[in-house]
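Remarks on the structure that follows.
All of the numbers you see were taken from the coordinates with simple rules; none came from a lab. Not measured: the values here are computed from a predicted model. Cβ coordinates were reconstructed from backbone atoms using ideal geometry, including for glycine residues, and neighbour counts include every protein chain displayed.
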Amino acid sequence: CSSDLLYKQTTNGNVIFSLADGGTIDYAGQAGAAGGYIFGAQLEIGSFATTYIPTTTAAVTREADDVDVTGSNFSNVYDGNDGLIYVDTVIEHAPTNKTGALPSITPVTEKLRPTLVSIEGATIANRIALVAENTTVPTASRFGNLIVYTGGVLQANLGTPDTHFTTTSTGRIAAYFNTSSFGITTNGNVASADVTGTVPSNLNVMYIGRGTATNYLNGTILKLSYYSRTSVNATPGEELRALTQQ
């Protein structure tokens with residue numbers, strides 16, 4: 001006979017793993033090889049699994065998932081002028097018991113901004129951040145937001161209508177920035193654009209999944225692409241739509 005690994009949750013909250021045969025969890029295993037090994041089992045609240053958290057005899061708080069691109073790795077990606085960011089993401093609703101940024105502080109009662117990508121200088125006075133507006137309500141829609149600061153002065157704050165998300169949690173978001181204009185779109189819809197403002201200089205780090213002045217991403221990034229504007233055509237609005245169509 002064949003065996004399977006099943007688990008069930010008891011009424012008092014315990015989770016039991018067991019060898020099973022045909023759905024019966026009292027199967028002892030084949031003769032001479034009874035039992036089995038389980039490694040890396042992990043149970044957590046949420047609709048998707050996070051990175052593995054090694055533990056022994058005590059619970060451990062998982063570290064935040066984020067990536068910092070610095071030094072020559074950053075300069076090889078960012079040319080200091082303009083660019084286009086594309087992100088395919090799944091965003092969980094904002095947790096009601098923490099800020100989503102660091103494990104702590106006050107409960108979320110309204111919106112928070114989980115960060116997809118943030119390109120920054122030595123301070124947050126110069127930054128280009130692609131974020132998602134989010135709420136504590138699982139059924140509420142999210143929307144993309146491009147925020148640009150130069151010398152501490154807001155240059156662009158472009159959002160996409162929440163109706164542009166085809167579901168309440170998934171989105172293909174693309175945003176562009178150059179010396180004279182900014183734009184953002186989600187899921188192939190018409191881009192929101194701004195033809196004023198300047199791009200900050202002296203940027204030296206790209207944060208993925210977090211930002212200095214915005215929250216950690218509560219979700220997953222399925223794909224992230226960065227394009228130099230020199231590699232794309234002169235109609236960024238249509239290009240953004242093509243990139244993000246589902």
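What list of ³J(HN,Hα) values in whole Hz, one per residue of region 223-228 in order, does the Karplus curve 6.51 cos²θ - 1.76 cosθ + 1.60 (θ = phi - 60°) give from phi, with Gly and Pro shown as x?
7, 9, 10, 10, 10, 6
Apply 1/(1 + (r/R0)^6) to the Cβ-Cβ distance of ILE53 and ALA122, taking R0 = 35 Å, and write down the FRET efficiency to the nearest 0.05.
The computed FRET efficiency comes out at 0.60.
Quick one: what are the phi-derived ³J(HN,Hα) couplings along region 156-162, Karplus 6.51/-1.76/1.60 with θ = phi - 60°, whole Hz, x for glycine and proline?
7, 9, 9, x, 9, x, 5
Which value, in Å to one decimal place, does the Kirkwood hydrodynamic radius take for region 155-215 when every pair of different Cα atoms is included?
Details: mean 1/r = 0.0753 Å⁻¹.
Answer for region 155-215: a Kirkwood hydrodynamic radius of 13.3 Å.
How much length, in nm to one decimal, is gained on full extension between ASN204 and PHE39, taken as 0.36 nm per residue of separation minus their Cα-Cα distance?
Additional length available on full extension: 55.3 nm.
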